[in-house]
Amino acid sequence: MKPKVGFFSFTSCEGCQLQVLNMEEQLLDIAGAIDLVTFREAMDPIDSDYDIAFVEGSISRESEITVLREMRRKADVVVALGACAASGCVNAIKNRFDSEENLREVYGDAARYYDTIDARPIDQVVNVDFYLRTCPITREEFARLFTSLLLARRPYDPNFAVCVECRMEENVCVYDMDAGEFCMGPVTRAGCGALCPTYGSSCIGCRGFMDQANFDSMVQVMQDHGMAREDAVNRLKMFNAALPEAEEVK
Amino acid sequence: MIGSKVVSKRAFDEMIQALAETSDVVAPVSRGYDRFSYREVKDASTLEVDGYIPTLNPPKKYFLPPEEVLVEFATEDEASVASGARVRAEPRIDACARVLLGVRTCDLKAIRQSDEAYKDTFEDDNYFARRNRATLIGLTCLEPCDEHAFCAAMGANDVEEGFDLLLTDWGDDWIVSVGSERGDDLLETLQSRAVTEDDRARWEVLQGKREEAFAPSAEKIVPDLDALPDLVGDSEDSAVWIENGDLCLGCGRCNLVCPTCFCFDVQDDVSLGLSSGERKRRWDGCTLLEFALVAGDENFRSDRKDRLRHKLYHKTRSTFDRYGEVFCTGCARCFRTCLVDIYHPEMYNALHERLGGES
Amino acid sequence: MNVAKESSALYVPEPAQIIDKEAMTEEETWYHLRLESERSLDHDPGQFVGVSVFGVGEAPISVTSPPSMKDGFELCIRHVGNVTDILRGLDIGDWVGIRGPFGRGFDLEPAKGKDILFVAGGLGLVPLRSVIKTALENRSDFRRVILFYGTRSPDTLLYEDEIAQWDADPDVEFHLTVDMTDDTWKHNVGVVTTLFPRVDFDPKDTVAYICGPDIMFRFVVQQTTRLGIPDENTFLSLERRMKCGVGKCGHCQEGSVYVCREGPCFSYAEVKAF
Ligand SMILES: Cc1cc2nc3c(=O)[nH]c(=O)nc-3n(C[C@H](O)[C@H](O)[C@H](O)COP(=O)(O)OP(=O)(O)OC[C@H]3O[C@@H](n4cnc5c(N)ncnc54)[C@H](O)[C@@H]3O)c2cc1C
Ligand code: SF4
Ligand code: SF4
Ligand code: SF4
Ligand code: SF4
Ligand code: FES
């Protein structure tokens, strides 16, 4: 029996769904392997049960919490699709500021119509089975996760630093260039193939932190290369402010 | 020991140019920022690059690539490979003839050592398909490549074996040592002359100068090379591991860039149709968190300090017990790549000192 | 690139078919497999094979049948993760991939003419069963055969039929214990080490074979050491992460040894030297 699959969007740029839709050639294969795909705004009512729900976006409104819980009840497997859903992504930057103030700044007088709350990854609301972590997701990781689900195996989800993949690519480390780049590769979960460092810029940590990341040393390294301590801390929290580990970044 | 032949640099360069027409010739090439990588070259000019430090990745990448398919598999009837259908599995080995030019003595030593590990009990055919097709043309360092290299302390700044040809700069010429039949055959194609008494006298002078130049490198490690296995072996609870483990990022860079690290992970990938796929191996390292994780989520080395110690333990105690040698060449790649400056010689010296050794 | 055509069997699994299969407990299934090539496995008791589910991975699994079994071989698998969960769903007639046998098994030689003590904890009975059966097939080579088996609860007992046979066999001193149970249980209750006081040992002439979780070893070895069974006559089997089985991937290193190659079976004297 083909699994029934749905895609749902919360607070995000919808770039991750776009990545999936862009997989033209592969999409035919995928479409052959699954029963039904709905791409929908998550605020619409959930009309049926799903075997796999791909959830994009972070949770940043009270009303989204209710919808997400409902969706969890109706889906066998929930996959966080992209950094917003997996770790909160840049949406969570606002958590570091007073939210009333944020609202007034952004929406002016209309602020009172928004039920906004601290942005959070979906696993702070419901159980999440699997993660696609990159911002935006890569087609390769989507294909790998998708085939894993069809085979009923736990997908490959590296729990080591981006530096590992960066060494495999044999890049010159941005810290050796002294070009004012401050790479977060040593504390960020690999799986992107060290995409950013391979193109000469530094890792900004979109895939979230690996387990047992050494934040003290990371901040020290950034300082040693000329970044103010406070800026280093802010940078480490740019994509990951909503993660519990962010508390350890000081 | 002085080589047996002298060839002109010009003739040698022409030979390399000719070789490059028929097979891959690779040599350390500048990547900017004072960093180097083995890349394809067309001639021997890279042999005279100034200020060369060991390449980012060592030559092991040609024998044990960062990622490699070991097995290709498919079902016969489009069924899923994990459905219990019969799966056809075939080995895959990609190999080509390759000349490695300008391999420093530290890396020659490392290649000899990883050969040993990869033929121990079970010969790894994928590794040797490439290794056996490789021609190693080494290059003697006249001085340490930088102030961090501790090759002389590890006895890796001179090698007697493990190359096809070994070159030493001789002005307009190279002095060439022949290390194998393949090397001999290569040299046959070149105009060369035997070394003379004059050469020998000059060689003695050169060796004296080299010894002087390498003295600081030799002094980097206080205890004797042969004392390292016991030193690390008996150090389980040393504060050295705690201090360095606190600093360590657990990033694995030092493993990946090390010429004598050869551990790998294995993962399967399948096609979207699920009826075929590949089993791949890719570089792995013992400083990474999940290296020793087993079922039931038991991790035999869950702390960074334990993993750091394991790395040094493997390079000293384990390899010494198994192969009678410390598997480290002192190339200092691990130090240059380490963002928190963890330096093996410092750890050895600290262990030694805390045992009450002289420093 | 002129790609060489070369063949290597080192990492390539052979097809093997599931001839028979039976759920032993909620978590463990017993399998009877036969290699398509009909090559007999020719393993030593205590050795293991790599079992592949293609596209998912490979898991090291001990051979639980004795070498005397020529028509295929048996495995007993606990379903805990990727490969082993999918194996649960496979049926008779289905195929898997097999590499091996690998590693060094248990040597029964030192026990000849002496007493044998087998201590199995939980899934540790799986590799040990191969040795136990081999010893019982050559019963006259040994003096007493003492067998301790400890498991969590009565419903996690493996090989119940064989246990009944061992229990009834006058030539086997069989002792069974569970950690927890209800009133109907007629055997011992408590961890496996609580069985030691029940038996009189002749420690100088006893050879022990121990298999179970790492934590169990520590306690059992305390007992055998206290009794005075020499370290050289105490054998154990270790479990480590394994990715290749042939001493290359490095994951199974313990001290200076590769558990996949010099082990998984070691004497306690060897383990102490790690
Ligand atoms: C020499 C030897 C002999 C053995 N003999 C037997 C035997 O006879 N019978 C038997 O049943 N077993 C045996 N084992 C154990 C068996 O090999 C493992 O249980 C098996 O490898 C598990 O593989 P898997 O793919 O099913 O599980 P995996 O998917 O590899 O998972 C294994 C465990 O690790 C956890 N895990 C690992 N990585 C992650 C991750 N990234 N995220 C979450 N969880 C993770 C899983 O939760 C699970 O508990 C033996 C092991 C060895 C070394
Ligand atoms: S560039 Fe970044 S990811 Fe690459 S090695 Fe340097 S710190 Fe690590
Ligand atoms: S490179 Fe340095 S920080 Fe990274 S794992 Fe090695 S010792 Fe630790
Ligand atoms: S065990 Fe560690 S130190 Fe040894 S080869 Fe493997 S990665 Fe390198
Ligand atoms: S441990 Fe460091 S110095 Fe030794 S061979 Fe490896 S990279 Fe070079
Ligand atoms: S399992 Fe690979 S070295 Fe032992």
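One table, with the values for the structure above:
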{"read-out": "Residue match in region B:342-349 (condition: within 10 Å of ligand 4 (Cβ to nearest atom) and of a type outside the set (Gly, Ala, Ser))", "value": "no"}
{"read-out": "Odd one out for C:Asp71 among (1) charged (D, E, K, R); (2) free of Cβ contacts under 8 Å to residues at least 24 places away in the same chain; (3) in contact with a Ser or Thr (Cβ under 9 Å, 6 or more places away or on another chain)", "value": "(2)"}
{"read-out": "Qualifying residues in region B:81-105 (those that are open to solvent by 30 Å² or more (accessible area, probe 1.4 Å) and assigned to a loop (DSSP other than H, G, I, E, B)) - the one nearest to B:Ala153 (Cα to Cα)", "value": "B:Ala97"}
{"read-out": "Residue match in region A:175-185 (condition: under 30 Å from C:Val53 (Cβ atoms), open to solvent by 30 Å² or more (accessible area, probe 1.4 Å) and at pLDDT below 95)", "value": "no"}
{"read-out": "Any chance B:Ser318 is of a type in the set (Gly, Ala, Ser), at pLDDT below 95, buried (at least 21 other Cβ atoms within 10 Å of the Cβ) and more than 16 Å from ligand 1 (Cβ to nearest atom)", "value": "yes"}
{"read-out": "Pairs where the first residue, in region A:152-172, is within 7 Å of chain B (Cβ to nearest Cβ) and polar (S, T, N, Q) and the second is assigned to a loop (DSSP other than H, G, I, E, B) and away from ligand 1 (no atom under 11 Å from the Cβ), C-beta under 8 Å, 6+ apart", "value": "A:Asn159/A:Met210"}
{"read-out": "C:Phe174 being modelled with pLDDT of 90 or more, outside any loop (DSSP other than H, G, I, E, B) and away from ligand 3 (no atom under 16 Å from the Cβ)", "value": "yes"}
{"read-out": "Residue count, region C:248-266 (criterion: small (Gly, Ala, Ser), open to solvent by less than 10 Å² (accessible area, probe 1.4 Å) and more than 16 Å from ligand 3 (Cβ to nearest atom))", "value": "1"}
{"read-out": "Residue under evaluation C:Leu195, criteria (1) in a helix (DSSP H, G or I); (2) out of contact with any His (no Cβ under 6 Å at 6 or more places or on another chain), criterion not met", "value": "(2)"}
{"read-out": "Unique residue being of a type in the set (A, V, I, L, M, F, W, C), within 14 Å of chain C (Cβ to nearest Cβ) and open to solvent by less than 20 Å² (accessible area, probe 1.4 Å) when the list is B:Phe36, B:Phe63, B:Phe150", "value": "B:Phe63"}
{"read-out": "The one condition in (1) out of contact with any Pro (no Cβ under 9 Å at 6 or more places or on another chain); (2) within 26 Å of B:Tyr118 (Cβ to Cβ); (3) of a type in the set (Phe, Trp, Tyr) that B:Trp241 fails to fulfil", "value": "(2)"}
{"read-out": "Cβ pairs under 6 Å, 6+ apart, first in region B:19-39 and on the phi > 0 side of the Ramachandran plot, second at pLDDT below 95", "value": "B:Tyr33/A:Asp176; B:Tyr33/A:Met177"}
{"read-out": "Pick from region C:80-95, criterion closer than 18 Å to C:Glu36 by Cα and of a type in the set (Asp, Glu), ranking: farthest from ligand 1 (Cβ to nearest atom)", "value": "C:Asp91"}
{"read-out": "Residue match in region C:116-132 (condition: within 14 Å of chain B (Cβ to nearest Cβ), at positive phi, under 19 Å from the mean Cα position of the chain (by Cα) and not in a helix (DSSP H, G or I))", "value": "no"}
{"read-out": "Residue in region A:191-211 that is within 13 Å of the chain's Cα centre (by Cα), of a type in the set (Lys, Arg) and more than 14 Å from chain B (Cβ to nearest Cβ) present", "value": "yes"}
{"read-out": "Single residue of region B:263-293 satisfying the filter (open to solvent by 10 Å² or more (accessible area, probe 1.4 Å) and under 16 Å from the mean Cα position of the chain (by Cα)) that is nearest to the other protein chains (Cβ to nearest Cβ)", "value": "B:Cys263"}
{"read-out": "Per-region count, region A:143-164, residues away from ligand 1 (no atom under 15 Å from the Cβ) and open to solvent by 40 Å² or more (accessible area, probe 1.4 Å)", "value": "1"}
{"read-out": "Members of region B:249-276 that are farther than 26 Å from B:Leu64 by Cα and within 8 Å of ligand 3 (Cβ to nearest atom)", "value": "none"}
{"read-out": "Test: residue in region B:214-229 that is within 14 Å of chain C (Cβ to nearest Cβ) and either on the phi > 0 side of the Ramachandran plot or more than 16 Å from ligand 5 (Cβ to nearest atom) (or both)", "value": "no"}
{"read-out": "Residues of region B:19-33 that turn out to be closer than 20 Å to B:Val178 by Cα and open to solvent by 30 Å² or more (accessible area, probe 1.4 Å), as a count", "value": "1"}
{"read-out": "Any hit, region C:220-228, residues being closer than 18 Å to C:Leu128 by Cα and within 16 Å of ligand 4 (Cβ to nearest atom)", "value": "no"}
{"read-out": "Any hit, region B:172-195, residues being farther than 30 Å from B:Ala97 by Cα, outside any strand (DSSP E or B) and open to solvent by 30 Å² or more (accessible area, probe 1.4 Å)", "value": "no"}
{"read-out": "Number of positions in region B:299-327 that are more than 21 Å from the chain's Cα centre (by Cα), within 10 Å of chain C (Cβ to nearest Cβ) and not in a loop (DSSP other than H, G, I, E, B)", "value": "1"}
{"read-out": "Boolean, B:Tyr348 is touching a residue at least 60 places away in the same chain (Cβ under 8 Å), farther than 22 Å from C:Ser52 by Cβ, open to solvent by less than 10 Å² (accessible area, probe 1.4 Å) and away from ligand 1 (no atom under 16 Å from the Cβ)", "value": "yes"}
{"read-out": "Test: residue in region C:143-159 that is assigned to a helix (DSSP H, G or I), away from ligand 2 (no atom under 16 Å from the Cβ), open to solvent by less than 10 Å² (accessible area, probe 1.4 Å) and among the hydrophobic types (A, V, I, L, M, F, W, C)", "value": "no"}
{"read-out": "Meets criteria (among the basic types (Lys, Arg), loosely packed, with under 12 Cβ neighbours inside 10 Å and over 29 Å from A:Asp216 (Cα atoms)) for B:Arg210", "value": "no"}
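The values are calculated or read from the model by the stated rules, or taken from the named source; none is laboratory data. All values derive from a computational prediction rather than experimental measurement. Quick reminder, even Gly has a Cβ in these numbers, built from the backbone with ideal geometry, and neighbours come from all protein chains shown. Protein only, heavy atoms only, side chains kept; ligands, DNA and RNA dropped before computing areas. Shrake-Rupley method; radii C 1.70, N 1.55, O 1.52, S 1.80 Å.
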